[in-house]
Amino acid sequence: MTDRTTPEDDLRRDQTDAPIIEKGDIVIACVLVVAFAAAFVTAWQWEAIASYFPLMATGLGIVLCSIFLARCVVVLRKHGASVPPNPAPDVTQDSRDPDDASFDQADSDRAFFASVGVTDWAISLAYFVAFFVSLYVLGLYPTSIIFTVVYLRFQARTSWTLSVIYTAVLTAALYALFEIALKLPVPSGLIGLSS
Amino acid sequence: MLEQLGGALQQVVAPESLLMLLLGVAIGFVVGILPGLGGAVTIALLIPVTFGMDPVPAFALLLGMYVVAAIAGDFTSVLFGIPGEPSAAAMVFDGFPLNKKGQAGRALGAALASSAIGALFGVAVLTALIPVMRPLVLNIGPPELFAAGVLGLAFIASLSGGNVFKGAIMATFGLLLALVGLDPNTGVPRYTFGSLELWEGIGIVPVVVGLLGGAELLQIMLDKDNRTRHLGKPELGGIRTGVLDTLRHWFLVLRASAIAAGIGIVPGLGGSMAQFIAYGHAKQTSKTPEQFGRGSIEGVIAAGATSTAKDGGALVPTIAFGVPGSASMAVLLGAFVILGLDPGPAMLTSDLDITLSMVWIIVLATFAAVALGYVMLRPLTHLTRVTGRVLVPFLLLLLSLGAYSQSNSFATVVVMLVFVVIGVIAIRWNWPRVPLLLGLVLGEVLERYFSLSRSIYGWSWLAKPSVIVIIGIAAVLIGAQILRAVRKSRSTVETNVEVRAGA
């Protein structure tokens, strides 16, 4: 399988493991070092028996983040822009051979998130947030009915018939399973519509 | 012993026991497929049903359900990237990428076959070790258990996909998350920000569901052209290929099963830890470690074998000493008491027939799960042909119910959402997510045994030979992996610079 990869593929594979520095990495490491430092200071105030392990864990976190940030500085100074970021794989190509070693899901996922436009993010996050707000306010079953119909019809572009049948079957299955068979509690909502 | 095994089999195939076993298999299949609804919770829910039953039919229901749930838990990991059981989390790493390559049947076939072999291996361990385990288990103390946890951390590098530093930081972040909640020694609320919901800590279920499943779901929602789901035609021969893959990697199945059963035997370490250690071992010993996390069939096989083999091991201390090897076994221990059984030496003498009946229950439940699995695999693989966005409402509901079932509180749903965000950030900037899970699982174990060791031995436990040996092995493993990663990254940077200079 690997015999079919080109030198460019091999280079891209190697680059995956290279210490590539992106701004995001530095921001994440800075956020984490602040979190570890705040947790360390907080743990310092507890009595000794409660603080031993937290101090060790957060101290280790501070050391690791500091080494990582120092390494970022060294790599950027030494190589600067000569260490290129990974080329984004073309996630629109469906023709690639899934057995090919160059098919790298992690790279593909990373490139996908990097390539999504603001509008798509806004629409998807709006649906995502609406689902959880509805779950919190209305509870499971009303959310299942309203969200499923609206999402299938207007976002997945399925027919009204399929949307309604899908919603009915899904909600009925949830009700039968959680209310009748297992008798497990489900989110009831602020106004108790699912209780 | 053989005569007693025969007698135990007769009890298990009696009509009442067999009926309960089939009921347990059916419930276990549903429970396993539903994310977040763990076997431990369902055992607890089913215990009242067993009031008044004889022990064998009662265990046929409880244990049969539990074993099948562990096997079926792999299905949702492969098909939707959402682990049906916390102990099936490692199956997501390679099972779901294989699904995306259009090889769902192969992954499910391998998962089912390796789970079945793992279950049989675990039960063989249970049968063989019951008479000889007592002296060994009684000699393992908190210091050795702490050292075993440190050994677990040694697998971070191999689970970091080449980003050793990022992996180590994420694992430490996992350790920090494990500290959230009431301090077990003093009752001090730690990092709870005044929230009562956080007093119980952060459970692994909302973290796994958010970090792995949530990020994947958001990707499907964002993907208006259905680009990220590489849905090939589910190959009908794929299931058989998966089974043959498992048989071809028989030694890996045995090694992963042995690791899982071994860790399962040690009380308090748990199946979640076993799967990561076995997965890390599989990657370390693989000829193609770069495929792990990208759709390695070996990763699927190791995770599958682990998901079931651990239970046979966990039953050993539960039955022999009344010391539960995991949360599920702790719940099962409650069933022992309710059914009038006394875990301990009596289970190896006067009640040996009940102990041996558990062996048969696991064997028969495994065969039933395999049969049911093969019947259901083809319809299940067809689910992968459905357009991603059509699955969104179903997956969102499963995701939220999986998180909610952890504590029956919306707070765990919020925790899950936080980890969806962390998961997306981690994917976007290539920070490995698995070490965070390992840190979260090991953090609680490490702190518990660190505190116990210190309160029992002061600091002298650090000089115990057994502790020095285990931590020494961990240090060598970590050092070797860091050295390998540093050498590799150094040569890669030089190569990249040369290539760019040449261009």
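Say the cut-off is 26 Å between C-alpha atoms; which of A:K23/B:K287; B:K100/B:K283; B:K100/B:K310; B:K100/B:K287 go over it?
A:K23/B:K287; B:K100/B:K310
Just counting partner chain Cβ atoms within 10 Å, what average do the residues of peptide A:55-62 show around their Cβ?
5
From the protein chains alone at 1.4 Å, what is the descending order of accessible area for B:V370, A:V169, B:V12, largest first?
Final ranking, largest accessible area leading: A:V169, B:V370, B:V12.
Residues of B:188-201, mean number of Cβ from any other protein chain within 10 Å of their own Cβ, rounded to a whole number? Kindly include the intermediate steps, with their values, before the conclusion.
Working: counts 7, 1, 8, 7, 0, 0, 0, 0, 0, 0, 0, 0, 0, 0.
Average per residue, whole number: 2.
Take each of the peptides B:414-426, B:281-293, average the number of other beta-carbon atoms within 10 Å over its residues, and list them starting from the highest.
Highest-to-lowest ranking by the protection proxy: B:414-426, B:281-293.
Ranked highest first by average number of other Cβ atoms within 10 Å, how do B:238-251, B:192-205 line up?
B:238-251, B:192-205
I'd like the mean, over residues of A:167-176, of how many other protein chain beta carbons sit within 10 Å of each residue's own Cβ. Working shown, then result.
Working: counts 1, 0, 0, 3, 2, 0, 2, 4, 0, 0.
Shielding by partners across A:167-176 averages 1.
How big a patch of accessible area, both sides summed and in Å² to the nearest 100, lies buried between B and A at a 1.4 Å probe?
The B and A chains share an interface burying roughly 7800 Å².
Rounded, prolate or oblate: which fits segment B:390-433 when a ≥ b ≥ c are the square roots of the eigenvalues of the alpha-carbon gyration tensor, with rounded for a/c under 1.5 and prolate only if a/b beats b/c? Please list the in-between numbers first.
Details: a/c = 3.18, a/b = 1.45, b/c = 2.19.
Since a/c reaches 1.5 but b/c is at least a/b, the shape of segment B:390-433 is classed as oblate.
The values are calculated or read from the model by the stated rules, or taken from the named source; none is laboratory data. Keep in mind it's a predicted model, so treat the numbers as computed, not measured. Please note: Cβ atoms are built from the backbone with ideal geometry, for glycine as well, and neighbour counts cover all protein chains shown. With ligands, DNA and RNA removed, areas are computed over all heavy atoms of the protein, side chains included. Shrake-Rupley method; radii C 1.70, N 1.55, O 1.52, S 1.80 Å.
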